[in-house]
Amino acid sequence: MTDGPKYAIEMRGVTKRFGALVANDRVNLAVAPGSIHAIIGENGAGKSTAMNILYGFYKADQGQILIDGEVRSIEGPSDAIKLGLGMVHQHFMLVDTLTVTENIILGAEPLSGMAIDFAKARARVLDLSNQYGLQVDPDARVGRLSVGQQQRVEILKTLYRGARILILDEPTAVLTPQEVAELFSILRGLREQGKTIIIITHKLAEVLALSGNITVMRDGKVIGGLATKDATASELARMMVGREVLLRVEKREAEPRSPTLSVQCVSLKNPDGGVALYDVSFTVREGEILAIAGVEGNGQTELIEVLAGLRRPDSGEVRLDGRNITPLGPHERKSLGVAHIPEDRRRRGLLLDFDLAENSILGLHSDRPVSGAFLLNKQFITARAERLVKDYDVRPPDIKLAARGFSGGNQQKLIIGREFDSKPKLILAAQPTRGVDIGAIEFIHRKIIELRDAGAAVVVVSAELEEVLSLGDRVIVMFGGRIVGEVDPKTVTEEELGLMMTGG
Amino acid sequence: METLTSIINLSLLASMVRISTPLILASLGGLYSERGGVINIALEGIMLSGAFTAAAVTALYHNPWIGLIAAAGAGLAVSFIHAVASIRFRANQVVVGAAINILFLGVPPLMSGALFQSTGSTPQLPREQTLPDWNIPLIGQVPVLNQLFSGHKPIVFFALAMVPVTYYVLFRTRFGLRLRAVGENPEAADTAGISVERMRYAGVLLSGLLAGIGGAYLSIGQNSLFTRNMTAGRGFIALAALIFGKWHPVGAFLACLFFGGAEAISIRMQGVVAIPVQFIQIIPYVLTLVVLAGFIGRATPPRAIGQPYVKEK
Ligand SMILES: Nc1ncnc2c1ncn2[C@@H]1O[C@H](COP(=O)(O)OP(=O)(O)O)[C@@H](O)[C@H]1O
Ligand SMILES: [Mg+2]
């Protein structure tokens, strides 16, 4: 590294707009060769966009990209691959129906004659997986692999294409603590072998543990860069958000009263016959928050769907205030005081092309006073929407703007406003702060705790351990569709919880 | 018993192979398109364009081979319209397909009227101006195979050969792997440096080529003229066979044989059993409905089928 170029990657003044939105605003970035460089920032800060521009997946409107000190024009991913870049996307770019080997060689298939040389491809995959310690079955269908294994396939894909510079976009978001540790040792190994690594995350502890340098982004701009040895978590958080933030939730001791929700022996099968939920039982009382921890895909989604009335369990009962509500659908449950904050707000929580006012009445559209005998009561709807925007701090406060035009945090605040406005007695909140900036997280947590203190029963599902532990008055852990235990959020360690979440 | 053997015998199987031929070609064509992620309900219209072009060009140039090539060209041209609308302009693929089907119900009679002063059909071709019957040298000596596979039009052998060829292309070649990837997860293919557009164009154009040839078989192979709507829903049956065959070349082939067999039987039954002929004629269509209704939920289509690929919303 004595006389090579100073930087493996440089971005100079890169700007990217999506319609009116400036996702990257004159972004500058410099990454030293052979280092691990972290890019941090809240959701929507523009991290993925910047990396997708490097990778040629999006085209920048302005700015320059230098690879190994030379200005390059990257027209598409194939150009980036030729220059030695590889990217592991936040949402994996894998074809579920193809095998591991097929996925890895896709786009650079070795041939013998007219056919693909599968034997050679397979041998090469095995070689790489041994060389870098990325164990995975080359013949398995990718759709059948665990998320951690799929990630290895993604990394192998980049190595197979000869990547010298690896970009990983939020690689830890979907992993268990153990898998995160494994990934980090793999990444350190790759660095030892001379690779340059860019890792995106918004988890500060990980950044501090792994990286050598840090670049912080906010609102599409680069706020600053520093060496990891000079950084602290609270300073990074302040840079990310732009003001002091409370990293911990402040709340009083819960004062639970009589049971609101009781779930008894609920079991559910997936359409493909697999077990989604098995013999799940628990109760949640008035004035308490039950947090459900677990690696995604272990039944939490299905459980919330059952509680919200979106799916009927195959057996078991759901009771609200002692009444059996198992046969009731979502609308009937809603009128009994059940509020649902869906996991996938863009698909289930909002109609993205409808405006804020229209979205604010979803689920209430047939009830008085929102609706008269035949027509919607526009005056009432407008007044209510204006009030929600104010009370729940939705920005921009424009009730005629399509839901698509709001950031994730503001979309979520709108949903929360809509659902909380009727003073529900049971709140089902699935991943309530996913993809939401730290500022809005604080706000959402406060609203949930306010309703709890007013006597609501709350079920929170979250993939974030921190959220589970700080928000939950009680914490249960799900694994493989079962409840594998309950822990005390005040005393349990993240390691213990991580172990339970993986069935250990 | 006598009725039965007069219906079910070797020559029935031979006619099943013949009747299945256009279905097989259209179905395999649809497979290339749909495996790449583009729904192709335009197979019917493409076949009609092929059938008409084959008959019209042969009538004008007195050579069925020129007619056949022209039919393939017509299929390509029609599918190119489909491709541009659904890939380049991201139109709804079902609507595009339906529009093409309606268009090519009307275009052939119109052109036929202009060229031959008859909107009902193209001129009757003399026998020597239709495609010849071929015999495969060695098979002629083997008793059963001889009856099954001798004396067919060249397109029949082409269709039969296309089944293993398609299998090989789809599952063994680079093109096939990329096509399947594009139909399942276009973003993944894109990030691997594959042009989603180009693969999808290729898939749709191949469907036009094959369905066009399938159409030609009807007008200059099985018959010797083009008549109005002569495909009679074969494009849709081919589509049904594709679904029934789970978007797999061998599955689609077997499904085509099944539907072709049903039609062959229904033809045999006419005049032999005392059922009004209209009822017998609907057998293949009813079977298609029944099979699909019972089956459709269980076949998993390529995951990205029907969705235009949009990167930046
Ligand atoms: N394909 C796209 N089309 C339109 N807007 C987009 C697209 N991708 C990202 N955005 C918007 O650009 C902004 C930055 O997004 P992104 O780069 O994904 O942020 P990050 O990765 O830091 O969370 C967000 O407001 C997001 O909604
Ligand atoms: Mg991102």
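Summing -39500 (n - 2.57) over the DSSP H runs of n ≥ 4 in the protein assembly as shown and dividing by its residue number, what mean residue ellipticity at 222 nm do you reach, to the nearest 500 deg cm²/dmol?
Calculated from helices alone, the mean residue ellipticity at 222 nm is -14000 deg cm²/dmol.
Between A:Glu235 and A:Lys120, what length in nm is gained on full extension when 0.36 nm per residue of separation is reduced by their alpha carbon distance?
36.4 nm
Please work out the Cα center distance from segment B:48-126 to segment A:112-141, rounded to the nearest Å.
46 Å
At 1.4 Å probe size, with no ligands or nucleic acids counted, give the accessible surface of A:Thr502 in Å², nearest ten.
Taking all protein chains as shown, A:Thr502 has close to 50 Å².
Between B:Asp133 and B:Leu10, with labels modelled 7 Å along Cα→Cβ, what's the label distance in nm to one decimal, could you check?
Roughly 1.4 nm, to one decimal.
Where does the Debye-calculated log10 I(q)/I(0) of segment A:134-209 sit at q = 0.11, 0.13, 0.28 Å⁻¹, using only Cα point scatterers of equal weight, no solvent?
Once normalised to I(0) and log-transformed, intensities are -0.27, -0.39, -1.58.
What shape does segment B:31-176 take by its C-alpha gyration tensor, where a ≥ b ≥ c are the square roots of the eigenvalues and a/c under 1.5 counts as rounded, a/b above b/c as prolate, and the rest as oblate?
Since a/c reaches 1.5 but b/c is at least a/b, the shape of segment B:31-176 is classed as oblate.
Quick check: pseudo-label points 7 Å beyond the Cα along Cα→Cβ at A:Arg346 and B:Ile283, how many nm apart are they?
5.3 nm
Enter the Cα centre distance for the pair segment A:196-254 and segment B:220-259, rounded to the nearest angstrom.
61 Å
Dipole magnitude of segment A:9-241 about its Cα centre, charges +1 at Lys/Arg Cβ and -1 at Asp/Glu Cβ only, in debye to the nearest 20?
260 debye
For a 19 Å ceiling on Cα separation, which of these pairs sit above it: A:Lys251/A:Lys490; A:Lys400/A:Lys447; A:Lys390/A:Lys425; A:Lys203/A:Lys229; A:Lys16/A:Lys47; A:Lys47/B:Lys311?
Going by Cα-Cα distance, A:Lys400/A:Lys447; A:Lys390/A:Lys425 fall outside the 19 Å limit.
Name the residue farthest towards the positive end of the dipole of the protein assembly as shown from the options A:Leu376, B:Gly45, A:Tyr55, assuming +1 on Cβ of Lys and Arg, -1 on Cβ of Asp and Glu, about the Cα centre.
Positive-end residue among those listed: B:Gly45.
Antiparallel versus total DSSP beta bridges in segment A:46-192: what percent is that, nearest 5?
60 percent
In what sequence, largest accessible area first, do A:Ser470, A:Ser234 appear using a 1.4 Å probe?
Ranking A:Ser470, A:Ser234 by accessible area, largest first, yields A:Ser234, A:Ser470.
Kindly report the accessible area of segment A:9-241 per residue (heavy atoms of protein chains, probe 1.4 Å, no ligands, DNA or RNA), in Å².
Heavy-atom accessible area per residue stands at 38 Å².
GluC sites (Glu not before Pro) within segment A:219-279: which are DSSP loop residues with at most 11 other Cβ atoms inside 10 Å? Could you put the intermediate results ahead of the total?
Details: sites: A:Glu235, A:Glu244, A:Glu250, A:Glu253; in loops: A:Glu244, A:Glu250, A:Glu253.
Within segment A:219-279, the qualifying GluC sites (Glu not before Pro) (loop, at most 11 other Cβ atoms within 10 Å) are A:Glu244, A:Glu250, A:Glu253.
Accessible area lost on pairing A with B, both sides, 1.4 Å probe, Å² to nearest 100?
Numbers: alone 22730 and 14340 Å², together 34900 Å².
So the buried area, both faces added, is about 2200 Å².
Give or take rounding to whole Å, what are the principal axis extents of the alpha carbon atoms in chain A, in descending order?
Extents along the principal axes, in whole Å: 72, 49, 45.
May I ask you to derive the FRET efficiency for A:Lys59 and A:Arg323 from their Cβ-Cβ distance with R0 = 51 Å, giving the value to the nearest 0.05?
My answer for the efficiency is 0.35.
Taking R0 as 30 Å, what FRET efficiency do you get between B:Val273 and B:Gln124 from their Cβ-Cβ distance, rounded to the nearest 0.05?
0.45
Just the number, please: carbon plus sulfur as a percent of the accessible area of chain B, 1.4 Å probe, no ligands or DNA/RNA counted.
The computed percentage sits at 68.
For segment B:128-144 and segment A:265-339, compute the distance between their C-alpha centroids and round to whole Å.
67 Å
Taking all protein chains in place and a 1.4 Å probe, what share, in percent, of the accessible surface of segment A:9-241 do carbon and sulfur account for?
On the way: 4270 of 8850 Å².
Carbon plus sulfur share of accessible area: 48 percent.
Please compute the Kirkwood hydrodynamic radius over segment B:195-256, one decimal place, Å, based on all pairs of different Cα atoms.
13.0 Å
Would you mind getting the accessible area per residue of chain B, heavy atoms of the protein chains only, 1.4 Å probe, in Å²?
On a per-residue basis, chain B sits at 42 Å².
For chain B, take every pair of Cα atoms, bin their distances at 20 Å starting from 0, and report each bin as a whole percent.
Going from the shortest bin to the longest, the percentages are 33, 57, 10, 0.
Charges at C-beta only: +1 for Lys and Arg, -1 for Asp and Glu. How large is the resulting dipole of segment A:259-501 about its Cα centre, in Debye rounded to 20?
The calculation lands at about 1020 debye.
Leaving ligands, DNA and RNA out of it, report the carbon-plus-sulfur percent of the accessible area of segment A:255-380 at a 1.4 Å probe. Write out the running numbers ahead of the final one.
Details: 3190 of 6110 Å².
The C+S portion of the solvent-accessible surface of segment A:255-380 is 52 percent.
Give the average, rounded to an integer, of partner chain Cβ atoms located within 10 angstrom of each Cβ in B:174-182. Before the final figure, lay out each step's value.
Working: counts 10, 3, 2, 10, 3, 0, 5, 8, 2.
Mean number of neighbouring Cβ atoms from other chains: 5.
Could you give the Stokes-Einstein D for segment A:259-501 in µm² per second, using the C-alpha Kirkwood radius, 25 °C, 0.890 mPa s?
134 µm²/s
According to the square roots a ≥ b ≥ c of the eigenvalues of the Cα gyration tensor, what is the shape class of segment B:94-152, taking rounded for a/c under 1.5, prolate for a/b larger than b/c otherwise, and oblate for the remainder?
Because a/c hits 1.5 or more and a/b fails to exceed b/c, segment B:94-152 counts as oblate.
For A:71-78, what's the mean count of beta carbons from other chains sitting within 10 Å of each residue's beta carbon?
For peptide A:71-78, the averaged partner shielding equals 2.
Considering only DSSP states other than H, G, I, E and B, which trypsin sites (Lys or Arg not before Pro) in segment B:168-259 qualify as loop sites with at most 14 other Cβ atoms within 10 Å?
Hits after loop and neighbour filter: B:Arg228.
May I ask what percent, to the nearest 5, of DSSP beta bridges between residues of the protein assembly as shown are antiparallel?
Looking only at bridges with both residues in the protein assembly as shown, the antiparallel portion is about 55 percent.
Counting other Cβ atoms within 10 Å, keep those with at most 11, restrict to DSSP loop, and tell me which chymotrypsin sites (Phe, Trp or Tyr not before Pro) in segment A:69-166 are left.
Passing sites in segment A:69-166 do not exist.
To the nearest 20 debye, what charge dipole does the protein assembly as shown have about its Cα centre, counting +1 at the Cβ of each Lys and Arg and -1 at the Cβ of each Asp and Glu?
Around 1600 debye, computed over the protein assembly as shown.
Putting +1 on Lys and Arg Cβ atoms and -1 on Asp and Glu Cβ atoms, find which of B:Phe80, B:Ala55, B:Ala14 reaches farthest to the positive end of the dipole of the protein assembly as shown.
About the Cα centre, the residue reaching furthest to the positive side is B:Ala55.
Which Cα, out of A:Leu277, A:Val266, A:Gly287, lies furthest along the positive dipole direction of segment A:247-358 (beta carbon charges, K/R +1, D/E -1)?
A:Gly287
Please compute, for peptide A:97-105, the average count of beta-carbon atoms on other protein chains lying within 10 Å of each residue's beta-carbon.
Per residue, the number of nearby Cβ atoms from other chains is 3 on average.
Please compute the alpha carbon radius of gyration of segment A:9-241, then divide it by the globular-protein estimate 2.2 N^0.38 Å. Two decimals is fine.
Here the answer is 1.01, to two decimals.
What does the C-alpha gyration tensor say about the overall shape of segment A:310-454? Classify as rounded when a/c is under 1.5, otherwise prolate if a/b is larger than b/c, or oblate.
Working: a/c = 1.72, a/b = 1.24, b/c = 1.39.
Taking the square roots of the gyration eigenvalues as a ≥ b ≥ c, segment A:310-454 is oblate.
Under a crude label model (7 Å from the Cα following the beta-carbon direction), how far is A:Glu192 from A:Asp353 in nanometres?
Result for the modelled spin labels: 5.4 nm.
Per residue, how large is the accessible surface of segment A:374-455? Use a 1.4 angstrom probe and give square angstrom.
Normalised by residue count, the accessible surface of segment A:374-455 is 44 Å².
Could you give P(r) for segment A:50-161, binned at 10 Å from zero, as whole percent values over all Cα-Cα pairs?
Bin by bin from 0 Å, the calculated values are 14, 41, 31, 14, 1.
Report the gain in length on full extension from A:Asp219 to A:His365: 0.36 nm times residue separation, minus Cα-Cα distance, nm rounded to one decimal.
49.1 nm
The values are calculated or read from the model by the stated rules, or taken from the named source; none is laboratory data. Since we're looking at a predicted model, the values are computed, not measured. A quick note on method: Cβ atoms are made from the backbone with ideal geometry, for glycine too, and the neighbour counts reach across all protein chains shown. Surface areas here come from the heavy atoms of the whole protein model, side chains and all, with no ligands, DNA or RNA. Shrake-Rupley method; radii C 1.70, N 1.55, O 1.52, S 1.80 Å.
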